[in-house]
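The values are calculated or read from the model by the stated rules, or taken from the named source; none is laboratory data. Just so it is clear, the model here is predicted, and its values are computed rather than measured. Backbone-built Cβ (ideal geometry, glycine too); neighbour counts: all protein chains shown. Keep in mind that these areas ignore ligands, DNA and RNA; they rest on the heavy atoms of the full protein, side chains included. Shrake-Rupley method; radii C 1.70, N 1.55, O 1.52, S 1.80 Å.
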Amino acid sequence: MWSTRVGGDEQVTWFNSDCSWNEDGYYLVGILVGLALYNGVLLDVHFPSAVYRKLMALPLALEDMVDKEVRSGLQQLLDYDGDDVEDIFCLTFEVMWMEMGNQRKLELKPGGADIPVTSDNREEYVMLYVRWLLVESVRAQYDAFERGFMRVMDSSSLDLLTPGELELLVVGTPDLDFSALMSNTTYEGYTEESEVVQNFWRFVKGASRDTQIKLLKFATGSTRAPIGGLGKLPFKIQRAGPDSMHLPTSHTCFNTLLLPDYDSYDKLVDRVSHAVVECEGFGLQ
């Protein structure tokens, strides 16, 4: 259903134009994203900015391209200052791509296969190419996703947000302050003075950044904080029985960590480390 593209400093998830038989799947994902947004649940998804702009019915441009190499190539075409664009780039108003192992062609405008790209019409070519790649080539997939999303969010005030703000509401912010999380944590079966709780926060503070991020994903299903930081995240540590060799577990939908009452710091470090390193959270593959 999804393809992975290099959209800048990270990989992003985009609609697979070859997947033309699973509109129900895209519709369901749209519903899930809408429900998560409505209920304030952060998702570990990596949609490019183009998705959020499309959801807000905003126009798309070259900077919204999801593939870094394609964006760079089109920018080079626009920046080229010679008068031999036609000879250097050898392009026409036609796109070619592979679909299910077969080569497909499509004219970006009537008679496009016979219209060369020149210095005079290259901006039109880029505009039409961007529209084809971000809109036309994935229209069925995206439309199904949007229908699902809007089934939940149609009566909301999305138009009050910017695309960047909408993205923050869906995936959160990468700025993580675990001291703020500790201050905002509630406990069930423990208190903040409980030895195992003290040991847990000692472990968190001394852990590497990568381990902290994995721990957050293990407990909440997301590697990011909500708007306002981790101090705004409702987080709970719940007692999961007496001392044992059992690994901790979590209820990610409720941001709850189920922690056995380990009798030593070393055992807590061993059990928690095994749990967070070996776990796999929810995500789109």
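Around the amide H of Ile115, modelled in the peptide plane, lie the amide H atoms of Phe93, all under 5 Å away and 5 or more residues distant in sequence or on another chain. Using helices alone, what [θ] at 222 nm do you get for the chain, with -39,500 (n - 2.57) per DSSP H run of 4 or more residues, divided over all residues and rounded to the nearest 500? Helices in the chain give a 222 nm mean residue ellipticity of -13000 deg cm²/dmol. Taking all Cα pairs closer than 8 Å and separated by 6 or more residues, the relative contact order of segment 155-227 comes to 51 percent. In this structure Glu94 has an accessible area near 50 Å², from a 1.4 Å probe over the protein heavy atoms.
Of Glu124, Glu167, Glu23, the residue with the greatest mean-square motion in the GNM of the chain, using alpha carbon springs below 10 Å, is Glu124. Once the Cβ-Cβ distance of Asp175 and Asp83 is raised to the sixth power relative to R0 = 35 Å, the FRET efficiency obtained is 0.15.
Listed values (1) -0.35; (2) -0.47; (3) -0.63 include one computed from this model; for log10 I(q)/I(0) by the Debye sum over Cα atoms at q = 0.08 Å⁻¹ that value carries the label (2). Accessible area per residue (1.4 Å probe, heavy atoms of protein chains only) ranks Met150, Met96 as Met96, Met150, with the largest value leading.
Judged by the mean number of other Cβ atoms found within 10 Å, the most tightly packed of the peptides 68-79, 222-233, 262-273 leads the ranking 222-233, 262-273, 68-79. Put Met153, Met98, Met182 in order of accessible area, highest first, and with a 1.4 Å probe you get Met98, Met182, Met153. Packing-based ranking of 52-58, 16-22, 102-108 yields 52-58, 16-22, 102-108, ordered from highest to lowest mean Cβ neighbour count within 10 Å.
Looking at the chain, the DSSP beta bridges with both ends there are about 70 percent antiparallel.
Nearest 10 degrees, 0 to 90: what angle lies between the long axis of helix 68-79 and the longest principal axis of the chain (Cα atoms)? It is inclined by approximately 40 degrees. Largest first, the extents of the alpha carbon coordinates of segment 1-122 on the three principal axes equal 55, 31, 24 Å.
Computed packing ranks the peptides 188-196, 134-142 as 134-142, 188-196, most packed first, by mean other Cβ atoms within 10 Å.
Taking the accessible area of the chain, probe 1.4 Å, and keeping the other protein chains in place, the carbon and sulfur fraction comes to 50%. Alpha carbon centre of segment 211-285 versus segment 88-158: separation in Å? If we compute the Cα centre of each part, the gap is 43 Å. Between Asp81, Asp261, Asp143, the GNM of the chain built on Cα springs shorter than 10 angstrom shows Asp81 fluctuating the most. Orientation-averaged projection of segment 157-285 equals 8.5 nm² [convex hull of Cα atoms, one quarter of hull surface area].
Heavy-atom accessible surface of segment 119-194, averaged per residue, reaches 54 Å², computed with a 1.4 Å probe.
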